[in-house]
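Below: the structure, in structure tokens.
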Amino acid sequence: MNVSDFDFDLPEMLIAQHPVEPRDASRLMVVDRDNKRIEHHIFRDLVALLKKGDVLVLNNTRVIPARLIGEKEGTEAKIEVLLLKRLELDVWEALVKPGKRLKAGQKVHFGNGLLTCVLLDILDNGNRKVRFTYSGVFETILDQLGQMPLPPYITAQLQDQGRYQTVYAKERGSVAAPTAGLHFTPELLDELQKKGVEIVEILLHVGLGTFRPVKVDDIREHIMHSEYYRVDVKAAEQINRAKQDGRRVIAVGTTAARTLESVGKQGRVASGVGWTDIFIYPGYSFQVVDALLTNFHFPKSTLVMLVSALAGRELILKAYEVAIAEQYRFYSFGDAMLIL
């Protein structure tokens, strides 16, 4: 299967630069796989669209202010360090720009020396391994000095940094938001629970690997970067009961879907922690996920491939064609799609 099979023309004007207010006022396209029907709603209509007994699975990761701007030691040269993955207590895998300016053993200072990193090594994937030194609590310093790592296609200034967090975000560790969840408000979640929709939380710390372009023609040759996940015992039990009862398990976002499919086998999930590099594309047989709530994604991206695996490539490309014609908003701050 070729990467060009997932290409489409997206007008730049449809790339959302600002989130909609309130959160649940975004548009919602509903794609019915059984009868190939496409409907148009508002996100808060989710209360009417879901059924009592449905299980809504949320990824409760929290985005860290992972973008640091500092100066190379002994110079005024600006260096950007984007934290990607914590390898040890103070050792991180990071994206360093411009990377050619920093050699092994050289240091970058942030906040007038409040935080310092030294380059330890260049990894096989081209990212850097760095170690931080500081006085105090790393997370507190990061909150002071770091910036929210907004995707490069968002060029507008974000006034409220909290809008790039879900309202249920808890555990710090992601460098990108699980954006399908950005549409929820506490009130909407309460309404869903009152209707009898079961809310389950799992964790996957989102890395940049999910969003990296596919650079091979044959998508089967693409390698995903691994991401940390955790599914606790209670969450696994709730999901397994739903599957046993024949109730729908609805993943909120591709990150939740990938986590469930990483720990799922023959309709059951296992609790635990680990790292997953699962790559889902057409031909994949879903083990746990019955439906998916997601945003509109990049052409030729692994995310478009995942939703195509669930709904079928032809139906997804048709839905995207309709979305463009109807001027839906795309990407992180864009509108949503519910695949049933």
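The values are calculated or read from the model by the stated rules, or taken from the named source; none is laboratory data. The model shown is predicted, which means the values in this text are computed figures rather than measured ones. Cβ atoms come from the backbone with ideal geometry, glycine included; neighbour counts cover every protein chain shown.
If you check Val249, Val273 for being out of contact with any helix residue (DSSP H, G or I) (no Cβ under 9 Å at 6 or more places or on another chain) and of a type outside the set (Asp, Glu), only one passes: Val273. Among the residues of region 125-146, those identified as within 12 Å of Gly111 (Cβ to Cβ) and touching a residue at least 60 places away in the same chain (Cβ under 8 Å) are Leu142, Asp143, Leu145, Gly146.
From Glu261, Glu227, which residue is out of contact with any strand residue (DSSP E or B) (no Cβ under 7 Å at 6 or more places or on another chain), of a type outside the set (Val, Ile, Thr) and assigned by TED's automatic domain parsing to the domain that holds Ser174?
Numbers: Glu227 fails: out of contact with any strand residue (DSSP E or B) (no Cβ under 7 Å at 6 or more places or on another chain).
On inspection, the qualifying residue turns out to be Glu261.
Could you identify the single residue in Thr140, Thr133, Thr155 that is β-branched (Val, Ile, Thr) and in a loop (DSSP other than H, G, I, E, B)?
Details: Thr140 fails: in a loop (DSSP other than H, G, I, E, B); Thr133 fails: in a loop (DSSP other than H, G, I, E, B).
Result: Thr155 is the single residue among Thr140, Thr133, Thr155 that is β-branched (Val, Ile, Thr) and in a loop (DSSP other than H, G, I, E, B).
Of the residues in region 20-32, at least one is hydroxyl-bearing (Ser, Thr, Tyr) and either at positive phi or in contact with a strand residue (DSSP E or B) (Cβ under 9 Å, 6 or more places away or on another chain) (or both).
Here Ala236 meets the list (1) surrounded by fewer than 18 Cβ atoms within 10 Å (Cβ to Cβ); (2) out of contact with any helix residue (DSSP H, G or I) (no Cβ under 7 Å at 6 or more places or on another chain) almost entirely, failing just condition (1).
Scanning region 273-295 for residues that are farther than 14 Å from Met305 by Cβ and free of Cβ contacts under 8 Å to residues at least 40 places away in the same chain yields Ser285, Gln287.
For Val31, state whether it is within 30 Å of Glu187 (Cβ to Cβ) and buried (at least 18 other Cβ atoms within 10 Å of the Cβ).
Details: within 30 Å of Glu187 (Cβ to Cβ): yes; buried (at least 18 other Cβ atoms within 10 Å of the Cβ): yes.
Judged against the criteria, Val31 is a match.
Based on this model, can you work out whether Val81 counts as modelled with pLDDT of 95 or more and not assigned by TED's automatic domain parsing to the domain that holds Ser301? In short, yes. Put simply, of Ala236, Ala242 the only residue that is modelled with pLDDT of 95 or more and either under 22 Å from the mean Cα position of the chain (by Cα) or assigned to a loop (DSSP other than H, G, I, E, B) (or both) is Ala236.
Yes/no per residue for (1) assigned by TED's automatic domain parsing to the domain that holds Leu208; (2) in a strand (DSSP E or B); (3) at pLDDT below 95:
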| site | (1), (2), (3) |
| --- | --- |
| Tyr281 | yes, no, no |
| Tyr284 | yes, no, no |
| Leu293 | yes, yes, no |
| Phe298 | yes, no, yes |
| Val304 | yes, no, no |
| Ala309 | yes, no, no |
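The residues of region 34-66 that are more than 23 Å from Ile199 (Cβ to Cβ) and surrounded by 15 or more Cβ atoms within 10 Å (Cβ to Cβ), listed by number, are Ile38, Ile64, Pro65, Ala66.
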